[in-house]
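The values are calculated or read from the model by the stated rules, or taken from the named source; none is laboratory data. What you are looking at is a predicted structure, and each value in this text was computed from that prediction instead of being measured. Positions of Cβ are backbone-derived with ideal geometry, glycine not excepted, and every protein chain shown enters the neighbour counts. Heads up: the accessible areas ignore ligands, DNA and RNA and are worked out on the full protein's heavy atoms, side chains in. Shrake-Rupley method; radii C 1.70, N 1.55, O 1.52, S 1.80 Å.
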Amino acid sequence: MSSHAKAAAQFIKNTERTAWHDQALFFVRQKRDNVAKNIDEWEVLRTKASQIKEHTVSNLEHYLTTFEKNAKANGIQVHWASDADEHNKIVAEIIENHKAKKLVKSKSMLTEECELNHFLEENGTEVVETDLGERIMQFLKLPPSHIVLPAIHVKRQEVAEIFNKEIHTDANNSDPAYLTQAARMHLREKFIEADISMTGVNFAVAEEGAFVVCTNEGNADMGTSFANVHIASMGIEKLVPNYESLGIFTRLLARSATGQPITTYTAHYKKPAKGKEIHIILVDNNRTEILKDKDHSNMLKCIRCGACMNTCPVYRRTGGYSYSYFIPGPLGINLSMLKEPKKHSGNVSACSLCYSCSNVCPAKIDLAEQIYKWRQDLDKYGEADPMKKMVVKGMKKVMGSPGLFYAAIKSGRLINHMPRFMVYNGLNDWGKGREMPVIALKTFNEMWKKGEVRSNESSKNK
Amino acid sequence: MNSREKILKKIKSFPIEKTPMPKFDVKAIASEDRIEAFKQSVKVVGGQAVMLKDYGTIDNLVTVLFPDVKRIATNLEGINCATENPDNFSMASMLNGVDVGIVEGHFGVVENGAVWVTQAMKHKALYFISEALIVILDADQLVETMHEAYKREEVYGDYEYGCFISGPSKTADIEQALVIGAHGAKAVTIVLT
Ligand code: SF4
């Protein structure tokens with residue numbers, strides 16, 4: 001069993017929650033479908049988005065230096081970090097320079113990637129996540145289980161419980177409106193007191209030297225409205241050439257993510273306000289390695305919408321924590337393999353090769369095709385399932401010899417009549433979590449020979 | 001070698017086939033009645049768009065739509081119902097508790113009900129901290145899609161902060177139940193003049 005399958009077994013124990021998780025995400029997927037369907041030019045947008053990203057990534061040096069030059073001219077301070085450690089040190093240095101104590105954060109998968117919170121807290125800084133879902137996860141001391149919907153696997157009663165403990169709400173009131181209002185009041189104080197506000201970056205616009213942060217809650221905007229220092233962290237792939245490109249991406253992002261026509265706030269940060277500072281950190285942390293890898297460099301086109309997770313039948317039924325990487329789903333499978341293939345190869349089995357992710361991705365990333373490629377190379381990472389390998393080897397032999405093939409089918413029919421405990425036992429890996437297919441009583445070949453095969457036409461005429 | 005040089009050198013060190021930038025020639029459908037379509041979009045995102053002529057003045061509109069409010073903040077001229085001018089406040093936190101904030105927008109986007117605003121006051125907090133936000137917008141300044149929006153000169157203007165605001169602040173982070181009013185305004189009213 002792969003590491004994913006083992007972890008998933010844990011998640012699916014609670015069948016009610018599994019069903020809810022599956023349906024909630026499928027609902028988000030359907031909302032995406034509805035809005036996409038209403039835009040005739042949807043496929044054109046996807047193609048253009050993919051081309052713009054490809055162009056930008058293939059001219060990355062040019063766009064990085066252009067962005068740097070223009071951002072500096074706008075008064076934004078630009079930093080470069082080769083890896084997570086350096087990123088975290090830069091943040092710590094800025095905090096130190098301002099003798100800051102309190103930091104508010106809006107959602108950023110990059111800071112998650114760099115494990116920034118942990119690092120800062122050890123250094124004595126108070127870090128407050130301000131996105132509601134992220135705050136819930138921070139209280140629960142758990143990582144997000146989805147990149148856009150961090151607390152999608154948490155039930156309202158659990159939120160009520162943890163809020164009661166942390167911010168003294170009524171433990172018996174699990175009404176989302178009540179809990180959200182409580183979080184609003186609690187975090188309002190945090191915004192007002194903060195010395196530093198951190199945000200991620202959805203798009204950095206090279207020609208304008210500006211960057212864009214998208215939220216529905218307005219937490220990034222609230223944060224930067226009070227703290228005097230704004231630190232924005234971005235992976236170097238987040239660049240786009242110009243505002244015209246954003247005409248494409250702002251139409252795709254929220255529609256793909258949640259089925260909204262646009263996020264509530266699409267904020268453009270261009271210059272620091274008087275007496276304030278804006279810092280931006282450009283982070284590599286393995287991205288240049290991905291750029292080198294022809295088979296997988298497409299991953300750098302990702303705009304982190306989460307659509308590939310919402311549509312993935314495996315993700316929906318197994319949850320974010322079944323994957324060994326902090327990003328789950330088809331996106332996470334690929335990114336984890338690019339990061340540490342030996343450690344994360346258990347994730348590549350978390351795919352039914354339905355290709356739905358590739359079909360919904362607004363940047364047209366060939367997610368499933370790439371997962372397929374990883375599977376072909378599994379031997380290299382020493383993780384190919386020995387049981388499955390044996391089965392596949394056996395199948396090759398059987399399929400290659402008609403005699404053996406039909407003998408195998410005949411014995412296969414026996415399975416239909418075997419007691420369940422013999423089929424679904426510990427030795428049969430296929431039987432775990434799967435219903436065995438019912439094997440046909442006659443082969444096509446037998447039916448054909450006895451003249452029992454008819455076309456649709458002739459059976460209608462009968 | 002610092003990290004900047006390291007990263008740039010690494011990118012240069014392997015050949016990547018440079019692909020061209022695509023053309024921005026996306027044909028999007030145009031609505032028949034822009035104002036009606038815009039109103040509809042604002043409604044979809046949880047806000048409302050009204051015509052100023054139906055109320056006469058902003059003062060009257062505030063009285064009708066927000067009868068029980070105490071603190072009304074704006075730095076716009078000619079709004080008599082305003083109780084405070086946020087530009088007189090030394091700190092943004094003094095805006096905490098404002099019931100209605102009144103600001104101006106540059107143009108609206110029909111496809112998503114968004115309005116482009118650029119910071120035109122001392123504390124941009126007003127856009128978010130007001131319980132209800134009123135955005136005054138010239139009804140002639142509507143574009144169909146984000147493609148047109150990013151051609152407008154206001155987007156390229158000399159501002160510190162600019163934002164497309166589409167309806168009130170919202171979240172669905174607890175069990176996917178939509179709740180209006182996460183951190184920002186709980187109500188957004190676009191007043192078309
Ligand atoms: S890979 Fe595509 S679908 Fe998945 S998060 Fe990235 S942009 Fe969205």
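Take A:Met447: with every protein chain present and a 1.4 Å probe, its accessible area is about 70 Å². Helix A:402-417 axis versus longest C-alpha principal axis of chain A: approximately 80°, rounded to the nearest ten. Taking a Cβ-Cβ separation under 4.7 Å as the criterion for a possible partner, which cysteines of chain A have none? Cysteines of chain A left without a disulfide-compatible partner: A:Cys114, A:Cys214, A:Cys302, A:Cys305, A:Cys312, A:Cys351, A:Cys354, A:Cys361. On the beta carbon distance between B:Met91 and B:Ser31, with R0 = 56 Å, the FRET formula returns roughly 0.85. Would region B:1-114 count as rounded, prolate or oblate if I go by the C-alpha gyration tensor, calling it rounded below 1.5 in a/c and otherwise prolate when a/b exceeds b/c, oblate otherwise? Verdict is oblate for region B:1-114.
Summarising the label geometry, the points placed 7 Å from Cα in the beta-carbon direction at A:Ala19 and A:Met185 lie 3.7 nm from one another.
Take B:Lys23: with every protein chain present and a 1.4 Å probe, its accessible area is about 150 Å². Once the GluC sites (Glu not before Pro) in DSSP loops with at most 13 neighbouring Cβ atoms within 10 Å are cut out of chain A, the longest remaining piece is A:1-434.
Take the Cα of A:Ile167, go 7 Å toward its beta carbon, and the backbone nitrogen atoms of region A:209-223 under 20 Å from that spot belong to A:215-223.
Separation of the alpha carbons by more than 29 angstrom is noted, of A:Lys301/A:Lys343; A:Lys238/B:Lys27; A:Lys141/A:Lys380, for A:Lys141/A:Lys380. Here each label is just a point 7 Å from Cα along the line to Cβ, and for A:Leu140 and A:Lys380 those points are 3.6 nm apart. Is region A:177-272 best put as rounded, prolate or oblate by its Cα gyration tensor, with a ≥ b ≥ c the root eigenvalues, rounded for a/c under 1.5, and otherwise prolate when a/b is larger than b/c, oblate when not? In terms of gyration-tensor shape, oblate. Peptide A:286-296 has a mean shielding of 2, counted as Cβ atoms of other protein chains within 10 Å of each residue's Cβ.
Within region A:238-274, report the trypsin sites (Lys or Arg not before Pro) that DSSP leaves as loop and that have at most 13 other Cβ atoms within 10 Å.
For trypsin sites (Lys or Arg not before Pro) across region A:238-274 that sit outside H, G, I, E and B with at most 13 neighbouring Cβ atoms in 10 Å, the list reads A:Lys274.
Restricting region B:59-158 to GluC sites (Glu not before Pro) that sit in a DSSP loop and have at most 13 other Cβ atoms within 10 Å of their own Cβ leaves B:Glu77.
Take every pair of alpha-carbon atoms less than 8 Å apart whose residues are at least six positions apart; their mean separation over the length of chain A yields a relative contact order of 21 percent.
What's the average, rounded to a whole number, of partner chain beta-carbon atoms within 10 Å of each residue's beta-carbon in A:52-58?
The mean count of partner-chain Cβ atoms within 10 Å per residue comes to 4.
Counting only protein heavy atoms and a probe of 1.4 Å, the accessible surface of region B:32-192 is 48% carbon and sulfur. Per-residue accessible area (protein heavy atoms, 1.4 Å probe) orders A:Asp366, A:Asp377 as A:Asp377, A:Asp366, starting from the largest. Quick check: from the Cα gyration tensor, does region A:41-288 come out rounded (a/c under 1.5), prolate or oblate? Because a/c hits 1.5 or more and a/b fails to exceed b/c, region A:41-288 counts as oblate.
Using just its DSSP H runs of length 4 or more, each adding -39500 (n - 2.57), chain A gives a mean residue ellipticity at 222 nm of -15500 deg cm²/dmol after division by all residues.
Return the loop-located GluC sites (Glu not before Pro) in region B:1-57 (DSSP other than H, G, I, E, B) with at most 10 other Cβ atoms within 10 Å of their own Cβ; answer none if there are none. Each step should come with its number before you reach the end.
Values: sites: B:Glu5, B:Glu17, B:Glu32, B:Glu36; in loops: B:Glu17, B:Glu32.
Sparse-neighbourhood loop GluC sites (Glu not before Pro): B:Glu17, B:Glu32.
Taking every protein chain into account, the 1.4 Å probe leaves A:His118 with about 110 Å² of accessible area, to the nearest ten.
Residues in region A:68-76 carry Karplus couplings, in order, of 4, 4, 6, 5, 4, 4, 7, x, 8 Hz; the curve used is 6.51 cos²θ - 1.76 cosθ + 1.60 with θ = phi - 60°, and Gly or Pro positions show x.
At R0 = 30 Å, how high is the FRET efficiency between A:Lys342 and B:Lys6 if r is their beta carbon distance? Nearest 0.05 is fine. According to the calculation, E is roughly 0.75. Note on A:Val35 and B:Thr193: their simple-model spin labels are 3.1 nm apart, each label 7 Å out from Cα toward Cβ. In Å², rounded to the nearest 100, what is the total accessible surface buried by chains B and A against each other with a 1.4 Å probe? Buried: approximately 6800 Å² between A and B.
Using a 1.4 angstrom probe with every protein chain in place, what is the largest-first accessible-area order of A:His79, A:His21, B:His123? Let's see the in-between values first.
Numbers: A:His79 45, A:His21 0, B:His123 25 Å².
The residues order as A:His79, B:His123, A:His21, largest area first.
Using the beta-carbon distance between B:Phe24 and A:Trp448 and R0 = 51 Å, what value does 1/(1 + (r/R0)^6) give for FRET efficiency, to the nearest 0.05? Spell out each step's value before the answer.
Working: r = 57 Å, r/R0 = 1.12.
That gives a FRET efficiency of 0.35.
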